[in-house]
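Reviewing the structure listed below.
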């Protein structure tokens, strides 16, 4: 991941990223690198602000990508937001 993408990721964390930069980041070929960097920075941010969330380790990137792409979200059986069946 190059410095420009890191800058965009940092701007996203600060809620300052523009739409074009976010789309460029989301279309980056190595999404595993992007996700890993995001998670590391979020962990550091949480430690700095002493925000220990019960959602630590939860990966919502797939659901966010589906919403951004306009696809309907699939709800799994293990999803706590899934309606009772």
Number of positions in region 41-56 that are in contact with a helix residue (DSSP H, G or I) (Cβ under 8 Å, 6 or more places away or on another chain) and modelled with pLDDT under 60: 1
Conditions (1) at pLDDT below 80; (2) part of a loop (DSSP other than H, G, I, E, B); (3) surrounded by 10 or more Cβ atoms within 10 Å (Cβ to Cβ): number failed by residue 28: (1)
Residue 22, sole failed condition from (1) at pLDDT below 80; (2) surrounded by 12 or more Cβ atoms within 10 Å (Cβ to Cβ): (1)
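The values are calculated or read from the model by the stated rules, or taken from the named source; none is laboratory data. None of the values given here were measured: they were computed from a predicted structure. Cβ coordinates were reconstructed from backbone atoms using ideal geometry, including for glycine residues, and neighbour counts include every protein chain displayed.
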